[in-house]
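The values are calculated or read from the model by the stated rules, or taken from the named source; none is laboratory data. If you're wondering where the values come from, they're calculated on a predicted model, not measured in any experiment. Cβ: placed from backbone, ideal geometry, glycine included. Neighbour counts: every protein chain shown. For the accessible areas, the whole protein counts, side chains as well, though only heavy atoms, and no ligand, DNA or RNA atoms are used. Shrake-Rupley method; radii C 1.70, N 1.55, O 1.52, S 1.80 Å.
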Amino acid sequence: MTWLVFTVLSGIIVGGGLGVVTTRNVVHAALFLLVSLIGVAGFYVLLLSEFLAVVQIFIYVGAIVIVLLFGIMLTRSGEYPRIADNEQWPAAVLMGLGFFALLALALLTHPNLSDERNEINLSILGESLFTDWALPFEIASILLLIALVGAVVLAREDKKS
Amino acid sequence: MITLVHFQIVSAALFSIGLYGVMARRSAILILMSIELMLNAVNINLVAVASFLDPDRFAGIIITIFVITVAAAEVGLALAIVLRLFRNRATINVDNMDLMKW
Amino acid sequence: MGLMELAWIIPASSFFAFVGIIAFGRRIPFVSPMLSIGAIIVGCILVFVVVMGRIDADPTGIDFFSRKWFEVGGTELMLGMIIDPLSIVMLGLVCFVSLMVQVYSLSYMRHDPKLAWYYAIHALFAASMILVVLADNFLLFYVAWELVGLCSYLLIGFWWEKREPVEAAKKAFITTRIADVALLVGILLLFHEVGTFSMKETFYQAQLLGAGEVSELSSGTTMIATFLLFIGAMGKSAQIPFHVWLPDAMAGPTPVSALIHAATMVVAGVYLVARTFALFEAVPNVLLVVSIVGLVTSLLASTMALVNTDLKRILAYSTISHLGLMMLSLGAFGYTAAIFHLVAHGFSKALLFLGAGSVSHASNQTDIRKMGGFIKVMPITAITFGIGALSLGGIPIFAGFWSKDEILIAVFNHRNFLFLIGTLFVGFLSALYMARAFYLVFFGDLKNENKSVSESPILMTAPLILLAIPSLLFGFSVFGSDEGYGGIGRFIFFENAHDFHFNVLLGSISVILAVVAFGISKPLYITRKFDLNRIKKYFSGLIRICERGYYFDQVYEWFFDRIVLVSSRFIAWLDRAVVNDVGVNGPANSMGWTASKLRLHVTGKVYNYALVMVLGSMIIGSVWWIMVAG
């Protein structure tokens with residue numbers, strides 16, 4: 001049963017990813033990305049961290065992909081859906097395969113065969129986030145603020161134009 | 001049984017796909033999407049390791065939370081940059097962004 | 001002590017006058033002569049003050065006033081003055097003649113549009129010439145020496161609108177520069193041995209060397225260095241073979257010729273030899289060279305003066321000849337005689353030049369064949385010029401007689417018979433050409449085209465008269481008086497003072513020769529009792545050689561055209577082809593070529609970079625895996 005779920009989810013993730021990088025249509029790519037990200041959320045459930053799965057859906061699916069679609073709209077990429085890949089794509093294929101081969105080789109040489117998944121206690125997670133990880137948490141919030149301000153500054157219309 | 005290495009292989013595959021996307025795509029937005037794929041691959045890896053090997057502290061999960069946060073910020077900023085480029089050059093094709101030479 | 005130290009103000013005032021004229025002269029024209037003359041008057045007054053100080057301290061002593069200038073490495077460079085009889089006498093001469101010439105120029109140059117510039121350089125010249133005289137170390141001396149050369153260049157080329165002065169200026173500058181290089185090398189050699197530029201220390205070491213004691217100076221180096229110093233002196237003092245620039249320098253304004261090319265700058269070489277006499281005495285062989293050069297110069301120059309027809313050029317050759325006499329005297333250990341003659345000649349020659357300027361100013365020409373009878377229309381000029389001519393010719397009671405006599409005694413005492421004959425012959429020729437110029441210009445019939453000639457204004461005649469007085473009376477300074485002054489031999493001397501003594505035989509020979517020269521000139525040149533043309537026919541070849549200046553210019557021209565220019569062209573080609581194209585442009589070009597090929601890899605496309613980055617990380621990963629993990 002778990003195997004079946006794992007296989008299906010892997011197919012969704014990898015297939016979605018391949019869809020993102022192969023389709024010529026930008027909007028389709030965004031939708032493929034959506035599929036892949038939902039698959040990743042499924043993985044999180046499989047790894048017994050439902051909280052992260054929810055976060056994944058909320059932020060990635062609910063926010064990031066939407067923002068990307070806004071970007072496509074605002075840059076009118078949707079009107080020219082067919083942007084061809086660049087001339088080095090064969091080399092990129094080789095490179096990607098090579099990288100995967102290298103990683104797989106590394107992972108499979110001494111495979112880690114632990115099979116005991118642990119459930120994540122949400123209250124411990126929350127406590128640790130606000131005690132041990134309080135400083136990174138605050139820094140992350142500042143980072144978000146800066147990114148927000150920077151994005152506004154960069155994206156707004158120039159006054160003179 | 002499903003072991004850690006299975007997740008890691010899927011993660012590696014997703015990462016390589018994202019890498020290919022970064023190297024082969026022309027549109028800035030598509031490149032951004034590929035980067036998101038790579039980030040997710042890393043997240044899978046982190047969560048898997050946390051779940052299998054680190055039952056007490058879940059450092060991987062917390063880092064994943066941060067990665068998602070940063071990814072959100074990154075997408076916001078990157079799209080702002082793409083918009084600015086589009087406004088200045090009327091294209092988001094990275095072929096045309098080749099001032100960085102000579 | 002205190003009074004002597006004021007001497008620094010003498011050059012400083014003239015220098016500030018120069019700065020002031022440069023700053024204001026263009027806007028307020030009359031300010032420039034005022035500043036310049038004012039500064040030199042201050043200088044003249046201070047000379048008296050300094051003389052007082054010198055007499056109070058010790059009339060024949062020598063004092064050094066040095067201040068630290070700056071320090072390079074372990075070497076301290078000083079800025080200072082020497083106050084001794086030699087520098088005082090020179091100071092007096094320079095300041096007095098400068099003043100006379102500047103006053104004279106007020107009238108002579110009054111219509112010139114560049115009057116301010118003229119006075120500016122005059123002031124700068126006065127400042128630097130005084131600095132030459134005062135300098136207590138070789139470095140300062142060299143700086144002032146070059147400044148003097150620069151002023152000479154600027155003044156010769158003063159009328160740069162015309163071609164001739166420009167050429168003459170270049171010739172003078174380059175000729176003296178060649179000699180200056182030798183001077184510089186000599187100075188550096190001495191510095192290398194002694195370790196300081198200070199004259200005091202250098203002379204002390206030279207005296208040790210001369211006495212055969214342990215000295216920092218080695219005799220070989222000293223000989224070379226001293227000889228190089230002498231070459232520098234030859235350049236400035238127009239000794240053969242460097243004399244060629246001086247006759248051409250007459251292209252400048254006549255007052256300039258009087259000041260620079262007769263009375264002051266050209267004697268800087270003589271002054272240099274006198275100043276560094278301690279070195280020369282340590283290596284007497286060089287002194288022999290000095291006297292030979294001096295004798296040859298004065299012989300050749302006086303024959304050239306005898307056949308020339310341009311008044312200024314006659315005086316120029318005469319200057320060379322007398323500079324040669326001074327050198328000869330120095331070479332014959334006649335230190336006192338040389339300085340004495342220097343001063344006597346300075347006054348007389350400045351007077352003669354200013355007189356020549358007065359004549360040419362009035363008649364607009366310098367060719368003596370077209371003159372004659374001017375004594376009727378310009379008596380003051382004629383009389384003063386006559387005094388100068390008689391003084392230079394060595395007629396008794398005039399200044400030149402006494403100094404020439406001193407020189408004869410020095411030569412008689414220290415050199416062999418040939419030198420004495422040569423010196424006497426030079427004295428005779430000197431009297432002859434002065435008489436010739438004097439008679440041809442002022443006696444005979446007044447030609448028709450010169451009827452309008454009239455006496456020069458008071459501003460020009462006054463300096464003539466003022467200069468005539470020392471030309472007439474300066475000679476009596478040889479005699480001592482009872483009030484502590486023991487004659488010039490007891491004032492300016494090197495190591496041992498001596499009284500004036502008159503060698504009756506030598507004296508009478510020289511007097512007879514001079515009088516004969518003046519005597520035969522009148523029938524020869526004016527009344528034409530003798531047929532000059534027949535004499536000329538006998539010596540036509542010799543006269544031609546003299547007229548052409550012994551072909552020095554032609555030989556130099558050939559040398560420069562055929563040897564210097566040809567080798568320069570070769571070196572220029574070498575520079576362009578080898579040094580520039582291969583040595584300098586070569587690396588640059590090869591770099592450029594390599595870069596133009598290399599830059600093709602910089603595409604500017606982000607995904608290219610990403611690809612290479614991935615490749616790189618794969619390589620690093622594999623290496624790590626194989627080397628460490630594997």
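Points to keep in mind about this one:
- Multiplying the residue separation of C:R163 and C:I55 by 0.36 nm and subtracting their alpha-carbon distance yields 33.9 nm.
- For region A:7-22, residues shielded by at least 10 square angstrom of accessible area compared with the chain on its own, probe 1.4 Å: A:S10, A:I13, A:V14, A:G17, A:L18, A:V20, A:V21
- Column: log10 I(q)/I(0), Debye, Cα scatterers of the protein assembly as shown, q = 0.05, 0.08 Å⁻¹: -0.54, -0.72
- A:E50 accessible area, assembled protein chains, probe 1.4 Å, Å²: 90
- Extreme residue, positive dipole direction of chain C, given options C:M90, C:A588, C:M199 (C-beta unit charges): C:A588
- For chain C, relative contact order (Cα pairs under 8 Å, six or more residues apart, normalised by length) works out to 11 percent.
- By the combined test of axial Cα extent (at least 15 Å) and Kyte-Doolittle hydropathy (mean at least -0.5), the qualifying DSSP H helices of chain A come to A:2-22, A:26-46, A:89-109, A:134-155.
- Across region C:226-326, C-alpha contacts under 8 Å between residues 6 or more apart give a mean separation that, scaled by the residue count, equals a relative contact order of 35 percent.
- Per-residue mean of foreign Cβ neighbours for A:55-62 is 3 (Cβ atoms of other chains, 10 Å radius).
- Size of charge dipole - chain B - debye, nearest 20, with Cβ of Lys, Arg +1 and Asp, Glu -1, no other charges: 440
- Under conditions of 37 °C and 0.692 mPa s, region C:289-339 yields 306 µm² s⁻¹ as its translational diffusion coefficient, taking Rh as the Kirkwood radius over Cα pairs in the Stokes-Einstein equation.
- Estimated inter-spin distance, A:F51 and A:E116, nm [label 7 Å along Cα→Cβ]: 2.2
- Fluctuation leader among A:V93, A:V65, A:V54 - chain A, Gaussian network, Cα springs under 10 angstrom: A:V93
- Using a 1.4 Å probe over protein heavy atoms, the accessible area lost on pairing A with B, summed over both chains, comes to approximately 7100 Å².
- C-alpha center-to-center spacing [region C:230-251, region B:1-52] in angstrom: 93
- Computed accessible area, C:R54, all protein chains, 1.4 angstrom probe, square angstrom: 10
- Placing R0 at 25 angstrom, the Cβ-Cβ distance between C:I543 and C:H501 gives a FRET efficiency of 0.05 after rounding to 0.05.
- The angle between the Cα long axis of helix B:4-24 and the longest principal axis of the Cα atoms of chain B comes to about 0 degrees, rounded to the nearest 10.
- Computed across region B:40-102, the Kirkwood radius stands at 14.3 Å (inverse of mean 1/r, all Cα pairs).
- Shape metrics for region A:22-161, restricted to C-alpha atoms - Rg then Dmax, Å: 20.4, 62
- Å² per residue, accessible surface of region C:559-630 at 1.4 Å: 76
- Region C:13-115: Cα Rg divided by the 2.2 N^0.38 Å rule of thumb: 1.37
- About the Cα centre, charge dipole magnitude for chain A (Lys/Arg +1, Asp/Glu -1 at Cβ), debye: 680
- Angstrom value of the Kirkwood radius, inverse mean 1/r, which spans all Cα pairs in region C:154-250: 14.9
- Heavy-atom accessible area, probed at 1.4 angstrom with all protein chains present, ranks C:I469, B:I35 as C:I469, B:I35, highest first.
- Buried accessible area, chains A and C (both chains, 1.4 Å probe, Å² to nearest 100): 1000
- Entry comment: accessible area of chain B is 33 Å² per residue, from protein heavy atoms only and a probe of 1.4 Å.
- Amide H contacts of C:W69 (H built 1.01 Å from N, in plane; Pro and chain starts excluded): C:L77, C:M78, C:L79 sit under 5 Å, all sequence-distant by 5 or more or on other chains.
- For region C:74-233, the relative contact order works out to 22 percent when only alpha carbon pairs closer than 8 Å and six or more residues apart are counted.
- Simple label model, 7 Å out from Cα along Cβ direction - C:S617 to C:R177, nm: 6.8
- For residues of B:37-48, the mean tally of beta carbons on other chains within 10 Å: 5
- Net dipole in debye of the protein assembly as shown [+1 Lys, Arg Cβ; -1 Asp, Glu Cβ; about Cα centre; nearest 20]: 4020
- The helix-based estimate of mean residue ellipticity at 222 nm for the protein assembly as shown, built from -39,500 (n - 2.57) per DSSP H run of four or more residues and divided by its residue count, is -23000 deg cm²/dmol to the nearest 500.
- With all protein chains in place and a 1.4 Å probe, the accessible surface of chain C carries 69 percent carbon and sulfur.
- If the segment from C:L574 to C:V185 were pulled out straight at 0.36 nm per residue, it would be longer than the present Cα-Cα gap by 137.3 nm.
- Candidate lysines - alpha carbon under 16 Å from C:K171, same-chain residues fewer than 8 apart omitted: C:K162, C:K236
- Summarised as an ellipsoid, chain C has semi-axes of 54, 31, 26 Å, derived from the eigenvalues of the Cα gyration tensor scaled by 5 and square-rooted, with the largest first.
- Accessible surface, 1.4 Å probe, highest first, among residues C:S568, A:S49: C:S568, A:S49
- In the full protein context, region C:163-236 carries 44 Å² of accessible surface per residue, based on a 1.4 Å probe and ignoring ligands, DNA and RNA.
- Of the residues in region C:588-625, those shielded by at least 50 Å² of accessible area once partner protein chains are present, compared with the chain alone at a 1.4 Å probe, are C:R599, C:G604, C:K605, C:Y607, C:L611, C:V614, C:M618, C:W625.
- Area accessible to solvent at C:Y335, 1.4 Å probe radius, in Å²: 20
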